[in-house]
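Worksheet: one structure, shown below.
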Amino acid sequence: MFRIIAVVLIVSIAAFLAYVATKPDAFRIERSQVIKATPETVFAFIDDLHRFNSWNPFALIDPSLKIEYKGPASGKGAAYDWDGTGKAGKGHMEIVESAPPTEVAMRLEFEKPFAAKNNVTFTMVPDGSATKVTWAMSGQNTYPQKLMGTIFNMDGMVGGEFAKGLANLKVLAER
């Protein structure tokens, strides 16, 4: 009886791990928010990394977070390194493209809690007298990331933080 249970357990684990391997090699997470402000106003809160971190939920999540800004204050080449003792982890973010007032593209590199390199894009599209802002992140899924994504709802977790951030941005931009 013990052998049967062990074999069933091993086969189940192997089947689960094989299922994880079939998950997509790439991911994209995005959320949007309509903000009653011009694209130029919204763009300024994203393209300037100091202003960006005044509403970015990932920077606000860890009170002990240390941020070191590098390069210009805004636009292409603006960057920062962060290091936190809590949920924020450690990494680097840099603006790689800046097209006022419609798009800001960033390269995001995590060191902790796990290594990852992702692309982040903010797009601003006029919507009547408002602006529709979309925050998107895309990247490649390694096997450990596929495993985590199978166990945890990464779209819900990260997308939920994007939604929080966009709500924070809305409050600031609509003042």
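Read-outs: derived from the displayed coordinates by stated rules, not from any lab. Since the structure is predicted, the reported quantities are computational estimates derived from the model, not experimental observations. Reconstructed Cβ throughout: ideal geometry from the backbone, glycine too, with neighbour counts over all protein chains shown.
Only counting other Cβ atoms within 10 Å, I'd like TYR69, TYR80 sorted with the fewest neighbours first.
Details: TYR69 14, TYR80 19.
Result, fewest neighbours first: TYR69, TYR80.
Extension gain, ILE10 to MET157: 0.36 nm times the residue separation minus the Cα-Cα distance gives 49.9 nm. Looking at the chain alone, DSSP beta bridges between its own residues are antiparallel in about 100 percent of cases. Each residue, ILE67 and HIS50, gets one label point 7 Å from its Cα in the Cβ direction; the gap between the two is 1.1 nm.
How long is the gain from ALA21 to VAL96 if the chain were fully straight, where each residue apart is worth 0.36 nm and the alpha carbon distance is subtracted? Please report the intermediate quantities before stating the final value.
Values: separation 75, 0.36 × 75 = 27.00 nm, distance 3.15 nm.
Between ALA21 and VAL96, full extension yields 23.8 nm more.
By the compact-protein rule of thumb, 2.2 N^0.38 Å, the alpha-carbon radius of gyration of region 1-154 corresponds to a ratio of 1.33.
Lysine pairs in the chain whose alpha-carbon atoms fall under 16 angstrom of each other, counting only those eight or more residues apart or on distinct chains, come to 14.
With charges only on Cβ, +1 for K and R and -1 for D and E, what is the dipole size of region 26-173 about its Cα centre, in debye, rounded to 20? Could the numbers behind the result be given before it?
Values: 16 positive and 16 negative charges, 57 e Å.
Magnitude of the dipole: close to 280 debye.
How far, in nm, would the chain grow between GLU109 and MET148 when pulled straight, counting 0.36 nm per residue and subtracting the alpha carbon separation? Walk me through the intermediate numbers first.
Values: separation 39, 0.36 × 39 = 14.04 nm, distance 1.80 nm.
Between GLU109 and MET148, full extension yields an extra 12.2 nm.
Within the listed set SER32, SER54, SER64, the residue fluctuating most in the Gaussian network model of the chain (springs between alpha-carbon atoms under 10 angstrom) is SER64.
In region 26-173, a dipole from Cβ-located charges (positive for Lys and Arg, negative for Asp and Glu) runs towards its positive end, and of ASN118, ALA26, GLY128 it is ALA26 whose Cα lies farthest in that direction.
Of all complete DSSP H helices in the chain, those with a Cα span along the helix axis of 24 Å or greater and a mean Kyte-Doolittle hydropathy of 0.0 or more are 2-21, 154-173.
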